[in-house]
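Q: My questions all concern the structure below.
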Amino acid sequence: MGLDTTHNCWHGSYGNFKHWRMRICSALGLPPLNFMSGFYHADAPRLSKLFDIEKDSLPIKWECLKYNHLFILLSHSDCDGFILHKDCENIANELDKLDLKDDSLNCKTKQFADGLRDAADKKEDVEFR
């Protein structure tokens, strides 16, 4: 069992999807995903010392950060829902700018961006299943 999306954006484990998104956060200079609203994890207060983040400021709200179209992808549920076709091209353009310093992750990034563009061209939302 794992995550499948339409438009061939992603087919793989939930764990790999989370790891990929964590690497995107790192590449963007964002706080770790486990510190963010919607992903806050019990280990975050302990880990916050490593990142010089006050534990009473956790979880960090996405709207407190300088906006990037990738926030739509990063904050999205990993098991259901949609990325709207009107957002797909902007997310794909931001994914194109990334270098995750790992060939397999860069390949997944390109695949996701290509799928988003396919959805945008067809005016179809990307569905998470």
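Q: Residues with amide H under 5 Å of Ile60's amide H, sequence separation 5 or more or different chain, H placed in the peptide plane at 1.01 Å from N; which?
A: Excluding prolines and chain starts, which carry no amide H, the hits are Met36, Ser37.
Q: Compute the semi-axes of the equivalent ellipsoid of the chain, taking the square root of 5 times each eigenvalue of the Cα gyration tensor, and list them largest first in whole Å.
A: The equivalent ellipsoid of the chain has semi-axes of 26, 15, 14 Å.
Q: Let me ask something else. With the cut-off at 21 Å, tell me which of the pairs Lys18/Lys110; Lys18/Lys97; Lys61/Lys108; Lys101/Lys123; Lys61/Lys97; Lys101/Lys122 have Cα atoms farther apart than that. Kindly include the intermediate steps, with their values, before the conclusion.
A: Working: Lys18/Lys110 16 Å; Lys18/Lys97 19 Å; Lys61/Lys108 27 Å; Lys101/Lys123 32 Å; Lys61/Lys97 24 Å; Lys101/Lys122 31 Å.
Going by Cα-Cα distance, Lys61/Lys108; Lys101/Lys123; Lys61/Lys97; Lys101/Lys122 fall outside the 21 Å limit.
Laboratory data are not the source of any read-out in this text; all were calculated from the coordinates shown. As the structure is a computational prediction, the values presented were derived from the model and not from experiment.
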